[in-house]
Amino acid sequence: MTDPKSKPRVPIKKKSQLLSIWHRFKKNKLALFGVVVLAAMLLIAVFANVIVNYERDALTQNMALRFNPPGGEHIFGTDGFGRDLFARIIFGARISLFVGVITISVSLIIGSVIGASAGYYGGKIDNILMRIMDVFLAIPQMIMAISIVAALGTGMINILIALSIAQIPRFARIVRSSILTVKYQEFIEAARACGTSNSRIIAKHILPNAIGPIIVQATLNVASTILIIAALSFVGLGIQPPTPEWGSMMADAKSQMRYHEYLIIIPGIFIALTVMSLNLIGDGLRDALDPRLKN
Amino acid sequence: MLKYIAKRTLMMIPVIIGISLIIFSIMELSPGDPVTLMLGDGASQQSITELREEMGLNDNFVVKYVRYVKNALMGDFGISYRNKVPVINEIASRFPTTLNLTFWGVLLSVVIGIPVGVISAIKQYTIIDTFSLFSALILTAMPAFWLGLMLILLFSLKLNLLPATGVDTWKHFIMPSITLAAASMATIIRMTRSTMLEVIRQDYIRTARSKGAGECRIVFKHALRNALLPIVTIIGLNFGYQLGGAIVTESVFAMPGIGTLMVAAVRTKDTPIVMASVLFVAVLAGVINLLVDVLYVYIDPRLKSEYVSSK
């Protein structure tokens, strides 16, 4: 109040909007469960190196300790190389979440630029950009990722590139359609009348209004990306052993599945829990952001 | 009607050209040199140069692309670098397995997904509804290959009921089809439920009910038919997803399909095989989407009348 520059109306309104979204989100018990599970996964991913020693527990092979069943000193048991499964699982969480989040951030940024330009400028630019995106969308995501891996080779960076390219058109589409819904509203016209530049209008006035569906889509896409990384690694085209990735851990254990099923079951449960938590949060956010959708 | 189908089919052409261009560019970028792959490390410089010239590897991008498309249209996708057999033969021998698997996968997801979704909507908030939503939640979160491994563990290794690998009998297709169907079954259940719930609240359903129509007739004739459009969209979109899933499913169950062919070819850098298999799957996904769009016209009377009247 003392600061003459402050504009109290705007922040208060923003806060109350966020609060009401949070109130609606909070009512959804499943979404809250998702938040709790995801928070736990994030915690073990961030503090993985505090909980266990990466080199010693997750990488160093020790044939004397092969196939120790779960329980006792090794809570999840040990794998076919005598490595602690628990240590590999929590470093796996770090890898899956890292790749998922980075992929979605990169494709979100590039997709937003493409979608925003297409939606805002319209006409020819829109037509050309979106037809290109349509072609990319016509190729199933998994196939797209595999063909990029075929060209670039396996490895973390290449997987990131492959998955990001495969996701870009999805964001371009959603950003474009969000922009089309706000493009002709009066406040945009007002901004333009004030002489605001096009890029500033897009970044400051249009995108914030389109942020809801983008966040929902991003959350759900992190989930589907985690599934794709696991699948790619499982068929041997993703993250390579000995890096502890959940999918490649299962590929390693597949041949010994008959006698040591825990090596398959435990990583699968962790993937499913992570993906489920993200899906629940995404659904919860969608309902909370758009109350009309709920019934 | 025909006009719509023709128009929609023509729209496929730029998409297919685009797909082939993308895939061709990606493969052109790949660092491996096919000549050293084919001749092995001990080849003389002269034979390398000769083979390069013979294969046309020294031409520029556009020339190579046009030649590839021309040959592809005649059914010639080149020769596998590894096996030295025509790529089209490899693809042709493996394609039926993938198509079969995908067909059963899609059929299963539809045949189970739609009825479960409908029942779930009619019996909203009952134990049946909760149960089906809960299963859908789990099915979407599970990696497909993990479900496949779990099925093998239970039905092949523990109970000894079903074969774990191969494609010889219909029994071999049971577990792969379930594996492939699971995720999209879940999407179909959720989609059917939510659209049915929307439709059931409409006025014309109340009208039908007040006219004394039977509950069964209301659900199937009045409600489901109107709810079908978004469901068909999801099924069409899922098809592409399932083709991608087929790759992983084939790997789990060691089925000789396009997926295992593609994965093996990527590992051995057998570019002609990778390109052809990716192209086949991508074009197939496009064709399915086309079929779904044509199907719309039959399901949605509004579209139908639009095209019939504008004839």
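Here, each number is a calculation from the coordinates, and none is a lab measurement. Keep in mind that what you see is a predicted model, and the values were worked out from it rather than measured. Cβ placement follows ideal geometry from the backbone for every residue including glycine, while neighbour counts extend to all protein chains displayed.
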Quick one: which residues, 5+ away or cross-chain, put their amide H under 5 Å from the amide H of A:Thr78? H built at 1.01 Å from N. A:Phe67, A:Asn68, A:Leu85
Expressed as a whole number, the average count of other chain Cβ atoms within 10 Å around the Cβ atoms of B:146-154 is 5
Sequence gap at least 6, Cα distance under 8 Å: using those rules, report the relative contact order of chain A to the nearest whole percent. 24
Going by a ≥ b ≥ c, the root eigenvalues of the Cα gyration tensor, does the range A:136-284 fall in the rounded group (a/c under 1.5), the prolate group (a/b larger than b/c) or the oblate group? prolate
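Throw me the Rg/Rh for the range B:69-177, computed over C-alpha atoms with Kirkwood Rh, two decimals.
On the way: Rg = 19.9 Å, Rh = 17.4 Å.
Reported Rg/Rh (Cα atoms, Kirkwood Rh): 1.15.
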To the nearest 10 degrees, the tilt of helix A:211-234 (Cα long axis) against the first principal axis of the alpha carbons of chain A is 20
What percentages make up the Cα-Cα pair-distance distribution of chain A when the bins are 5 Å wide from 0? 1, 5, 10, 13, 14, 14, 12, 10, 8, 6, 4, 2, 1, 1, 0, 0
Dipole of the protein assembly as shown [Lys/Arg +1, Asp/Glu -1 at C-beta], most positive-end residue of A:Leu152, A:Ala58, A:Met130: A:Met130
Starting from the 7 Å offset along Cα-to-Cβ, what nm value, one decimal, do you get for the label separation of B:Lys3 and A:Ala203? 4.8
Positive-pole candidate from A:Ala193, A:Leu237, A:Ser255, dipole of the range A:193-295, charges at beta carbon: A:Ala193
Going by a ≥ b ≥ c, the root eigenvalues of the Cα gyration tensor, does the protein assembly as shown fall in the rounded group (a/c under 1.5), the prolate group (a/b larger than b/c) or the oblate group? rounded
Per the helix-only model, chain A has a calculated mean residue ellipticity at 222 nm (DSSP H runs of ≥4, -39500 (n - 2.57) each, divided over all residues, rounded to the nearest 500) of -23500 deg cm²/dmol
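Between rounded, prolate and oblate, where does chain B land on the alpha carbon gyration tensor, with a ≥ b ≥ c its root eigenvalues, rounded for a/c under 1.5, else prolate if a/b exceeds b/c?
Details: a/c = 3.43, a/b = 1.67, b/c = 2.05.
Taking the square roots of the gyration eigenvalues as a ≥ b ≥ c, chain B is oblate.
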Based on DSSP H assignment, which helices of chain B show an axial Cα extent of at least 20 Å together with a mean Kyte-Doolittle hydropathy greater than or equal to 0.0? B:2-29, B:87-122, B:127-141, B:171-200, B:225-252, B:271-299
Taking only the Cα atoms of the range B:113-270, how large is their convex hull per residue, in Å³? 134
Within a Gaussian network of chain B (alpha carbon springs, distance under 10 Å), most fluctuating of B:Val85, B:Val110, B:Val219: B:Val85
Assuming 0.36 nm per residue, please report the length gained on full extension of the stretch B:Leu295 to B:Leu51 beyond their Cα-Cα distance. 82.9 nm
Can you grab the distance from the C-alpha centre of the range A:76-139 to the C-alpha centre of the range A:165-215, Å, no decimals? 21
Give the cross-link partners of A:Lys124 among the aspartates and glutamates, using a straight C-alpha distance below 17 Å as the criterion and excluding same-chain residues fewer than 8 apart. A:Asp134
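What's the exposure ranking of A:Met249, A:Met130, going from fewest to most Cβ atoms within 10 Å?
Values: A:Met249 28, A:Met130 19.
The most exposed by this proxy come first: A:Met130, A:Met249.
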Shielding by partners for B:243-256, please: the mean number of other protein chain Cβ atoms within 10 Å of each residue's Cβ. 4
Label-reachable residues, the range A:137-181, where backbone N falls under 20 Å from a point 7 Å from A:Thr196's Cα toward its Cβ: A:175-181
Take every residue in peptide B:133-144, count the Cβ atoms of other chains within 10 Å of its Cβ, and give the average of those counts. 5
Quickly estimate the mean residue ellipticity at 222 nm for chain B, helices only: each DSSP H run with n ≥ 4 gives -39500 (n - 2.57), and the total goes over all residues, rounded to 500. -25000 deg cm²/dmol
Based on C-alpha coordinates, I'd like the Rg and Dmax of the range B:1-160, in Å. 24.6, 77
Neighbouring Cβ atoms within 10 Å as the yardstick, rank B:Phe280, A:Phe234 fewest first. B:Phe280, A:Phe234
Which whole-number percentage describes the relative contact order of the range B:180-247, with Cα contacts under 8 Å and a sequence gap of 6 or more? 51
Length-normalised contact order of chain B, Cα under 8 Å, at least 6 apart, in percent, tallies to 26
Using a Cα-Cα cut-off of under 13 Å, which aspartates and glutamates could be cross-linked to B:Lys84, ignoring same-chain neighbours fewer than 8 residues away? B:Asp270
Need one number for the range B:45-124: average projected area of the convex hull over its C-alpha atoms, nm². 9.4
To the nearest 10 degrees, the tilt of helix A:9-27 (Cα long axis) against the first principal axis of the alpha carbons of chain A is 40
Give me the percent of Cα-Cα pairs in the range A:101-212 that sit more than 23 Å apart, rounded to a whole number. 35
Figure the gain on full extension for B:Thr130 and B:Lys171 (residue separation times 0.36 nm, minus the Cα-Cα span) and round it to one decimal in nm. 11.6 nm
Here, trypsin sites (Lys or Arg not before Pro) of the range B:78-130 satisfying both criteria (DSSP loop; at most 10 other Cβ within 10 Å) are B:Lys84
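What number comes out for the charge environment of A:Gly284, summing +1 per Lys or Arg and -1 per Asp or Glu over other residues with Cβ under 10 Å away?
Working: positive: A:Arg24, A:Lys26, A:Lys27, A:Lys29, A:Arg286; negative: A:Asp283, A:Asp287.
In short, +3.
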